[in-house]
Amino acid sequence: MNKRATGIVLLIISATLFISRNITHFIVAAIMGRKDNVLGEGMFEYALSVTRSFSNIPEIIALSLGVVYLTWAELDKGKDKH
């Protein structure tokens, strides 16, 4: 796999991790905020504040590596032309 494809794959992984982390956080808060199958007033906001979101370190690492690989691929492309 070349550097450009690796960079794009890492960016896709980073976006997927970000989206799944946020979706999971909202789903857990919605489940916790229910009372008698009704989402009570202010319960969702309270549930969001007490539930922890997962670590965002893996998505930051994947994003950084993706940007580095894409930059590296573009710099190598510029060197090949000259």
- Qualifying residue in segment 39-60 (condition: within 11 Å of the chain's Cα centre (by Cα) and of a type in the set (Phe, Trp, Tyr)): yes
- Item | Verdict on residue 18 being in contact with an Asp or Glu (Cβ under 7 Å, 6 or more places away or on another chain) and on the phi < 0 side of the Ramachandran plot | yes
- Looking at segment 23-35, is at least one residue outside any helix (DSSP H, G or I) and open to solvent by 90 Å² or more (accessible area, probe 1.4 Å)? yes
- Query: Would you say residue 8 is open to solvent by 70 Å² or more (accessible area, probe 1.4 Å), in a helix (DSSP H, G or I) and without any contact (Cβ under 8 Å) to a residue 60 or more places away in the chain?
  - Reply: no
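The values are calculated or read from the model by the stated rules, or taken from the named source; none is laboratory data. Small disclaimer: the values here were computed from a predicted structure and weren't measured. Heads up, the Cβs are rebuilt from the backbone with ideal geometry, glycines too, and the neighbour counts pull from every protein chain shown. In case anyone asks, the SASA skips ligands and DNA or RNA and just uses the protein heavy atoms, side chains included. Shrake-Rupley method; radii C 1.70, N 1.55, O 1.52, S 1.80 Å.
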